[in-house]
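J.: Take a look at this one; I'll ask things after.
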Amino acid sequence: EATASGNNPNDDGNNRETATSIDLNSTTSGNIETVGDVDYFTIKIPSTGTLVVKTTGFADTNGSLLDASGTEIAFNDDNSASDHNFEISTFIQDAGTYYVKVKRSSASSTGHYTLISQFTPDDHSSIRGLATAISPNSTTSGRIGRAGDEDWFKIVIPSTGKLVVKTTGSINTNGELYKDGNRNVSDDNSGSGNNFRIEYNVMAGTYYVKVSASSTGSYSLVSEFISDDYGNTISTAATIGTTSTTSGSIEIDRDKDWFKIQIPSRGTLVVETTGSTDTNGSLYNVDGDEIASNNDSNASNHNFRIEHKVTAGIYYVKVSASSIGHYTLIPQFISDDYGNTRSTAISINPNSTTSGNIETAGDEDYF
């Protein structure tokens, strides 16, 4: 009987210890020479992937796939009603040594056969801990090679922003986004065709994407990351001056841009936006309490405008919008010349002349 490459005329081993070594993706001639003969072959699997072992020929064979300890992990007798050769296709999770046992289905028969091995490495691991690292803005080819195959990908996000992950291709994919072991969101068919599309507001950190499908086939995983220009919490507010003009953008759904303003004295703070984006604004004191808000400064202008009397200290402005778009934030501070309450009234002499100014609508000066 010939072994792999046909160079050894001796019989293949009839146990694991004497098994004939064969290569991945090889064709090996074999022969069941005597009644009850069993042929053993050993094959080394280098990585996770799908292994197919099968026979061709006129002999009615059956086959078993064994792990390194000799435990049977797969068996087949007839791969179809018309073909009495066996065919085993199984997903190999762990690299290592495996064995193929071949014998005739009928214990009283002998005959020649050809053993074929085919190995397809898994392109992306089905284990999250072995996920393929991809860039936040990238396109990566993938393939679902078997029923139950899952491909894991790892994305490191550098800052707050919006992450979009989606597939393109002809197979029906499903996607899941994870952070810290928890699934944040999943999708099936929001993308083009039967592809998934996930759009999610993210913070800096490591995220994982799991791709699965209802059938085998190839796909492309597309990752897009849009960085947020300003912090979206009061603790990450960007500091701006009282006479500055600041360009901003609402990049993602439910995005909020926070700004911090230091007021030097008592007066009136005006903050407003200009631009084509329909903005909404809120003013907060140093304790984070909302003290004023506005949506549309007038019926024809969808920018906000807030005018509020303030004292010296820190204030915060939050800008949001009903749609994605750009805006310009304009703060203005008008110092009050005199106190506008009795408790802050300015003392003047009974016979005196004092200059004053009503700086803003509704301003009151107390003496």
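The values are calculated or read from the model by the stated rules, or taken from the named source; none is laboratory data. On a predicted model such as this, the values are computed, not experimentally measured, just so you know. As a convention, Cβ positions derive from the backbone with ideal geometry for all residues, glycine included, and neighbour counts pool all protein chains shown. These area figures cover heavy atoms from the full protein model, side chains too; ligands, DNA and RNA do not enter into them. Shrake-Rupley method; radii C 1.70, N 1.55, O 1.52, S 1.80 Å.
J.: With every protein chain kept in the model, how would you rank Arg254, Arg305, Arg146 by accessible area, 1.4 Å probe, largest at the top?
T.: Details: Arg254 180, Arg305 95, Arg146 50 Å².
Descending order: Arg254, Arg305, Arg146.
J.: Within the chain, what whole-number % of the accessible surface is contributed by carbon and sulfur, with the 1.4 Å probe and all protein chains included in the calculation?
T.: On the way: 8060 of 17850 Å².
Roughly 45 percent, rounded to a whole number.
J.: Determine the distance separating the Cα centre of region 38-101 from the Cα centre of region 211-269; give it in Å without decimals.
T.: Region 38-101 and region 211-269 have Cα centres separated by 55 Å.
J.: Ranked from highest to lowest mean number of other Cβ atoms within 10 Å per residue, what is the order of the peptides 229-241, 59-71?
T.: On the way: 229-241: 15.1, 59-71: 17.4.
Result, highest mean first: 59-71, 229-241.
J.: Would you give the gap between the C-alpha center of region 152-195 and the C-alpha center of region 351-367, rounded to a whole Å?
T.: A separation of 61 Å, based on Cα centres.
J.: Also, I was wondering about something else. What nm distance separates the two modelled labels at Ser322 and Val185, each placed 7 Å from Cα along Cα→Cβ?
T.: Placing both labels 7 Å along Cα→Cβ, they lie 2.2 nm apart.
J.: Starting from one equal scatterer on each C-alpha and no solvent at all, send me the Debye-based log10 I(q)/I(0) for the chain at q = 0.06, 0.10, 0.15 Å⁻¹, two decimals.
T.: With one equal scatterer per Cα and no solvent, log10 I(q)/I(0) is -0.47, -0.78, -1.16.
J.: Under the 0.36 nm per residue contour assumption, what length would be gained going from the current alpha-carbon distance of Gln262 and Thr236 to full extension? Please report the intermediate quantities before stating the final value.
T.: Working: separation 26, 0.36 × 26 = 9.36 nm, distance 1.52 nm.
Residue separation times 0.36 nm, minus the Cα-Cα distance, leaves 7.8 nm.
J.: Measuring from label point to label point, each 7 Å out along Cα→Cβ, what is the Ala299 to Thr27 span in nm?
T.: So the two model labels end up 8.5 nm from each other.
J.: Taking a ≥ b ≥ c as the square roots of the Cα gyration tensor eigenvalues, with a/c under 1.5 meaning rounded and otherwise prolate when a/b beats b/c, else oblate, which class fits region 281-358?
T.: On the way: a/c = 3.53, a/b = 2.26, b/c = 1.56.
Prolate shape, in that a/c is at least 1.5 and a/b is the bigger ratio.
J.: List, in the order given, every pair from Lys210/Lys256; Lys44/Lys103; Lys54/Lys103; Lys166/Lys256 whose Cα-Cα distance in the structure shown is over 23 Å.
T.: On the way: Lys210/Lys256 29 Å; Lys44/Lys103 21 Å; Lys54/Lys103 12 Å; Lys166/Lys256 25 Å.
Checking Cα-Cα distances, Lys210/Lys256; Lys166/Lys256 exceed 23 Å.
J.: Kindly state, to the nearest 0.05, the FRET efficiency for Ser69 paired with Lys154, given R0 = 41 Å and r defined as their beta-carbon distance. Could the numbers behind the result be given before it?
T.: Details: r = 33 Å, r/R0 = 0.80.
Efficiency computed from Cβ-Cβ geometry: 0.80.
J.: Cross-link partners among aspartates and glutamates for Lys309, C-alpha distance below 16 Å, same-chain residues fewer than 8 apart left out?
T.: Hits, sequence-local ones excluded: Glu272, Asp289, Glu290, Asp336, Asp337, Glu359, Asp363, Glu364, Asp365.
J.: If you count the DSSP beta bridges with both ends in the chain, what percent of them are antiparallel, to the nearest 5?
T.: Values: 117 of 125 bridges.
Beta bridges within the chain, antiparallel portion: roughly 95 percent.
J.: Between His308 and Arg254, what FRET efficiency follows from the Cβ-Cβ distance if R0 is 30 Å, with the result rounded to 0.05?
T.: On the way: r = 25 Å, r/R0 = 0.84.
Calculated transfer efficiency: 0.75.
J.: Counting DSSP beta bridges with both partners in region 220-367, what percentage is antiparallel, nearest 5? List each step's numbers first, then the result.
T.: Numbers: 37 of 40 bridges.
Once the DSSP bridges in region 220-367 are tallied, antiparallel ones form about 90 percent.
J.: Multiply the residue gap between Asn14 and Ser220 by 0.36 nm, knock off their C-alpha separation, and tell me the result in nm, one decimal place. Don't skip to the answer; put the middle values down first.
T.: Numbers: separation 206, 0.36 × 206 = 74.16 nm, distance 4.57 nm.
Gain on stretching Asn14 to Ser220: 69.6 nm.
J.: OK, next. If the label point is 7 Å along Cα→Cβ of Ser247, which residues in region 272-289 have backbone nitrogen under 18 Å from it?
T.: So the set is 273-278.
J.: Taking 0.36 nm per residue of sequence separation and subtracting the Cα-Cα distance, how much length would be gained by fully extending the chain between Thr354 and Phe367, in nm to one decimal? Walk me through the numbers on the way to the answer.
T.: Details: separation 13, 0.36 × 13 = 4.68 nm, distance 0.99 nm.
Working it through step by step, the gained length comes to 3.7 nm.
J.: Hey, what's region 74-176 come to in accessible area per residue, 1.4 Å probe, Å²? Don't jump to the answer; show the numbers that get you there.
T.: Working: 4650 Å² over 103 residues.
I get 45 Å² per residue for this part.
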